[in-house]
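Asks: Have a look at the structure that comes next, please.
The values are calculated or read from the model by the stated rules, or taken from the named source; none is laboratory data. The model shown is predicted, which means the values in this text are computed figures rather than measured ones. With ideal geometry, Cβ positions are generated from the backbone for all residues, glycine too; neighbour counts draw on all protein chains shown.
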Amino acid sequence: MSDERPDLAPYAARSSSSRGRRYPEEFKDDRPAFERDRDRIIHSAAFRRLEYKTQVFVNHEGDYYRTRLTHSLEVAQIARGIARKLKLNEELTEAIALAHDLGHTPFGHAGEAALDRLMAPYGGFEHNLQSLRVVERLEEKYPDFPGLNLTFETREGLAKHSSYHDRPRPKELLEYELELSPTLEAQIINLADEIAYNNHDIDDGLESGLIPFDELMEVPLWQEVYGRIEAKHPQASPRAKKYTAISHLIGLLIQDVVAQTQRNIKESGVETLEDVRRVGRNLVSY
């Protein structure tokens, strides 16, 4: 099997060191394991269905606004950029990012809350756990096994995408050793998710009129960034200034995550992936 980029950090996850898949398979090509995971996710029915699941606005309100599909692509792009700067495994990072919302309900978090109430007698509903069920059992693409048969590391990233402090841990999560930290690649997804939706909600909010521009200008960080853009490009259209300001905000947050994570890694003294798992806290942070 071919492996990833030769300059991966020693604490990065590697396809060649993966814990493997639940069901043995024979492959016709030598793609790295995490790259194969990413490809299977992209070709899954659940991934296509994200097109009509919306973040905030319902689908018929217009094709400008984000859906779970466009959000997942944006998270993957941000996450992969962070992984590249930290010399982590980009394919694993991208696979987890693309799959992180596969189990989400329609109608955003309001839909999830409603379904959670309805499912309370059966243990409730949590979309991260549902994402795991999708890739482990619900997708029907192969004759020899249920689900997508992804590697342990990709599935672990989904299992550990959110905490379960406020509810009992489902038995199906026991194999993922929730007491241990996930890979750094998985840790990136939480922050890439935040960076994507916080900034793109500004875009959608301004476009829809739900966020008045004057009120946004009262936020110090936005005021500072937008002011710089306006001073540099006074003749630009308001829409161009908005896009540029959002792009700058995303860049600032990515730079902050990379710099702080590099400090955390250095201070923690981790040298291997096992060190990362046993450090007891997430090292990827602002």
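Asks: Give just the number: which of (1) under 26 Å from residue 90 (Cα atoms); (2) part of a helix (DSSP H, G or I); (3) of a type in the set (Asp, Glu) does residue 172 not satisfy?
Replies: Here residue 172 meets the rest and fails (1).
Asks: Taking into account only those residues within region 4-57 that are over 21 Å from the mean Cα position of the chain (by Cα) and among the aromatic types (Phe, Trp, Tyr), which is modelled with the lowest pLDDT?
Replies: 27
Asks: Check off (1) in a helix (DSSP H, G or I); (2) surrounded by 14 or more Cβ atoms within 10 Å (Cβ to Cβ); (3) of a type in the set (A, V, I, L, M, F, W, C); (4) more than 17 Å from the chain's Cα centre (by Cα) for residue 192 and give me the number that stays unchecked.
Replies: Against the list (1) in a helix (DSSP H, G or I); (2) surrounded by 14 or more Cβ atoms within 10 Å (Cβ to Cβ); (3) of a type in the set (A, V, I, L, M, F, W, C); (4) more than 17 Å from the chain's Cα centre (by Cα), residue 192 comes up short only on (4).
Asks: In addition: Could you pull out the residue among 200, 161 that is within 20 Å of the chain's Cα centre (by Cα), within 25 Å of residue 48 (Cβ to Cβ) and part of a loop (DSSP other than H, G, I, E, B)? Give the steps one after another, and end with the answer.
Replies: Working: 200 fails: part of a loop (DSSP other than H, G, I, E, B).
Only one candidate qualifies: 161.
Asks: Which residues, counting only those in region 209-228, are assigned to a helix (DSSP H, G or I) and closer than 18 Å to residue 198 by Cβ? Break it down into steps so the answer makes sense when it comes.
Replies: Kept after step one, since they are assigned to a helix (DSSP H, G or I), are these residues of region 209-228: 213-216, 220-228.
Across region 209-228, the qualifying residues are 213, 215, 216, 220, 221, 222, 223, 224, 225, 226.
Asks: Given the options 280, 209, 269, name the one that is under 29 Å from residue 68 (Cα atoms), surrounded by fewer than 13 Cβ atoms within 10 Å (Cβ to Cβ) and not basic (Lys, Arg). Before you say what the answer is, go through the steps one by one.
Replies: Working: 280 fails: under 29 Å from residue 68 (Cα atoms); 269 fails: under 29 Å from residue 68 (Cα atoms).
Exactly one residue qualifies, and that residue is 209.
Asks: Are there any pairs with C-beta distances below 8 angstrom linking a residue in region 258-286 that is free of Cβ contacts under 8 Å to residues at least 40 places away in the same chain and part of a helix (DSSP H, G or I) to a residue that is of a type in the set (A, V, I, L, M, F, W, C) and buried (at least 17 other Cβ atoms within 10 Å of the Cβ), with the two at least 6 apart or on different chains, and if so which?
Replies: Close Cβ pairs (under 8 Å, with a partner that is of a type in the set (A, V, I, L, M, F, W, C) and buried (at least 17 other Cβ atoms within 10 Å of the Cβ)) amount to 264/283; 264/284; 268/279; 268/283.
Asks: Taking only region 1-42 into account, find how many residues are of a type outside the set (Gly, Ala, Ser), part of a loop (DSSP other than H, G, I, E, B) and in contact (Cβ under 8 Å) with a residue 12 or more places away in the chain. Let's see the steps before the verdict.
Replies: In the first step, residues of region 1-42 are kept if they are of a type outside the set (Gly, Ala, Ser); the result is 1, 3-8, 10-11, 14, 19, 21-32, 34-42.
Within this subset, residues satisfying the condition of being part of a loop (DSSP other than H, G, I, E, B) are 1, 3-8, 10-11, 14, 19, 22-32.
Imposing the further condition that a residue be in contact (Cβ under 8 Å) with a residue 12 or more places away in the chain reduces the set to 1, 3-5, 7-8, 10-11, 14, 19, 22-23, 25, 30-32.
Residues that pass the stated criteria total 16.
Asks: Additional query: Note down all Cβ pairs under 8 Å where the first residue falls in region 119-130 and is in contact (Cβ under 8 Å) with a residue 40 or more places away in the chain, the second is surrounded by 19 or more Cβ atoms within 10 Å (Cβ to Cβ) and part of a loop (DSSP other than H, G, I, E, B), and they're at least six residues apart or on different chains.
Replies: 129/103
Asks: Here is a further query. Which condition breaks for residue 235 when tested against (1) in contact (Cβ under 8 Å) with a residue 12 or more places away in the chain; (2) assigned to a loop (DSSP other than H, G, I, E, B)?
Replies: Every condition holds for residue 235 apart from (1).
Asks: Does residue 251 satisfy being assigned to a helix (DSSP H, G or I) and more than 23 Å from residue 81 (Cβ to Cβ)?
Replies: Criteria not met by residue 251.
Asks: So residue 197 ticks every box in (1) among the hydroxyl-bearing types (Ser, Thr, Tyr); (2) farther than 29 Å from residue 245 by Cα; (3) modelled with pLDDT under 95; (4) in contact with a helix residue (DSSP H, G or I) (Cβ under 8 Å, 6 or more places away or on another chain) but one. Which box is left unticked?
Replies: Unmet for residue 197, out of (1) among the hydroxyl-bearing types (Ser, Thr, Tyr); (2) farther than 29 Å from residue 245 by Cα; (3) modelled with pLDDT under 95; (4) in contact with a helix residue (DSSP H, G or I) (Cβ under 8 Å, 6 or more places away or on another chain): (2).
Asks: Collect the residues in region 225-239 that are surrounded by 13 or more Cβ atoms within 10 Å (Cβ to Cβ) and closer than 17 Å to residue 202 by Cα, keeping them in residue-number order.
Replies: Answer for region 225-239, where residues must be surrounded by 13 or more Cβ atoms within 10 Å (Cβ to Cβ) and closer than 17 Å to residue 202 by Cα: 225, 226, 229.
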